[in-house]
1. Beyond 18 Å, what percent of the Cα pairs of the stretch 332-397 remain?
2. What is the Cα centroid distance between the stretch 243-297 and the stretch 129-198, reported in whole angstrom?
3. How large is the Kirkwood hydrodynamic radius of the stretch 200-359, counting all unique pairs of alpha carbons, in Å?
4. Might you tell me the accessible area per residue for the stretch 310-397, computed with a 1.4 Å probe and given in Å²?
5. Filter K228/K251; K185/K249; K251/K343; K122/K327; K228/K354 down to the pairs with a C-alpha to C-alpha distance above 32 Å, please.
6. Using 1/(1 + (r/R0)^6) with R0 = 51 angstrom and r between the beta carbons of A195 and S317, what's the FRET efficiency to the nearest 0.05?
7. Loop-only trypsin sites (Lys or Arg not before Pro) in the stretch 156-225, please: DSSP not H, G, I, E or B, and at most 16 other Cβ atoms within 10 Å.
8. So if each residue of separation counts as 0.36 nm, and I subtract the Cα-Cα distance between R161 and K206, what length gain in nm does that give?
Amino acid sequence: MFKTLFLSSVLACAFLAASCSQTEQALTDEPEVAPVEQTVTESNTETSVTSNKIQHPAPAPKQVIEAPVSAQTLTQFSEKPPKTQLRQTSVVRTPFPVKRCMNLGNALEAPNEGDWGYRIRKRDLQIIKQAGFDTIRLPVRWDNHTANRAPYQIDASFMARVQDVVRQAQAVDLGVIVDVHHFEKLMRQPKRQEARFLAIWTQISKAFKGAPANVYFEVLNEPTLEIKMSQVNALYAKVIPIIRANHPKRKIILGGNSWNSVERLDEVRWPDDPNIIATFHDYGPHAFTHQGAEWSEPAMPLGRLWGGREDADELKSTYQIANAFLKKTGLPILVGEFGVIDKVPQAQRMNWTKIRRQTMEANNMAWCVWDFSGAFKSYDAGTEQWLPGVQDALFGP
Ligand code: BGC
């Protein structure tokens, strides 16, 4: 009941421009209904790489929305059954302590830290902690710092830098999610790169042996390109014992194919392990969140607004799928990335962010916003200020 009422008011606020002071004021001169481009998330083959970033799903042809949606239609998020029958297990899943997380994007995921304009500063971790986050997610491009020949040694100074950031985060009482990000070679040549991938995890597993329980491992960010879900599952089955050898109870985060899309969650072969977390990424619709992104080919046009009927349907459908999955498996869910590029006017970005964040919380999902001070920034490291509306969008009512 509470959830229904809560979501009604959240969504009325978002889609009907009702009584929500901050976002409403900023958006009053914009139409309630925007032209929408529907996005496609299923194929792994429609990708291209520009500037070392993998392009997210390509948009389908434009569809024009005729009328805004009623808030009431957006509250029933748990009715859609999963596409395939999920295996029932008797494992009791333990809770996931992460609630509010910040992605330190564009730093250690760049070919070299600093290449994409942001280096992690010690003070950033304090700023993030003080704002109210409990965890950071650390996207790491291990691939660029790992030898191509066996034993596939990770560069010692790079490993030390990652450990350093983890230690700094721990010092201010932040949890840390360490992932394997942008392993494009693996996703293009899964068989040829398998030994290298396992060697990377063997080294990470050893390096963080004995780390506090609030250090978490995410096995592979956004599998896409040529790798098939069956191959991702096979890799998961090999990596988990490697991690478990040193970390019997550490939380391990796994997601599905197609850039960790919500639709592929039910294709993951979930291990019978009480310390597994399911993740998906929410950038829906891409035509809004990724407009003007230079790494998309072709770049999607600027000026796309958000909040029409198709957008409401997309939001509803995403969380219906996630909710059905959660009910079926009992796995805790982390929305490991969500955010809007900083080319979108700030008020619109924060409107989308607030609605998504409220929806995640109302559906008992942990979240990790993308990102701190990269291309989807929340914080301006030049002026040392959170961007307007960020605190309300993430921590407000
Ligand atoms: C990528 C980033 C990108 C973000 C938004 C992340 O998964 O690693 O490079 O900026 O998605 O597209």
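The values are calculated or read from the model by the stated rules, or taken from the named source; none is laboratory data. As the structure is a prediction and not an experimental result, all values here were calculated from the model. Cβ coordinates were reconstructed from backbone atoms using ideal geometry, including for glycine residues, and neighbour counts include every protein chain displayed. Quick note on the areas: whole protein, heavy atoms, side chains included, nothing else; ligands and nucleic acids left out. Shrake-Rupley method; radii C 1.70, N 1.55, O 1.52, S 1.80 Å.
1. On the way: 670 of 2145 pairs.
When every Cα pair of the stretch 332-397 is considered, 31 percent fall beyond 18 Å.
2. Measuring centre to centre over Cα atoms gives 16 Å.
3. On the way: mean 1/r = 0.0579 Å⁻¹.
So the Kirkwood estimate lands at 17.3 Å.
4. Details: 2410 Å² over 88 residues.
It amounts to 27 Å² per residue over the stretch 310-397.
5. Beyond 32 Å between Cα atoms: K251/K343; K122/K327; K228/K354.
6. Working: r = 39 Å, r/R0 = 0.77.
For A195 and S317, the calculated efficiency is 0.85.
7. Values: sites: R161, R167, K185, R188, K191, R192, R196, K206, K209; in loops: K209.
The qualifying sites are K209.
8. Numbers: separation 45, 0.36 × 45 = 16.20 nm, distance 1.54 nm.
So the chain would gain 14.7 nm between R161 and K206.
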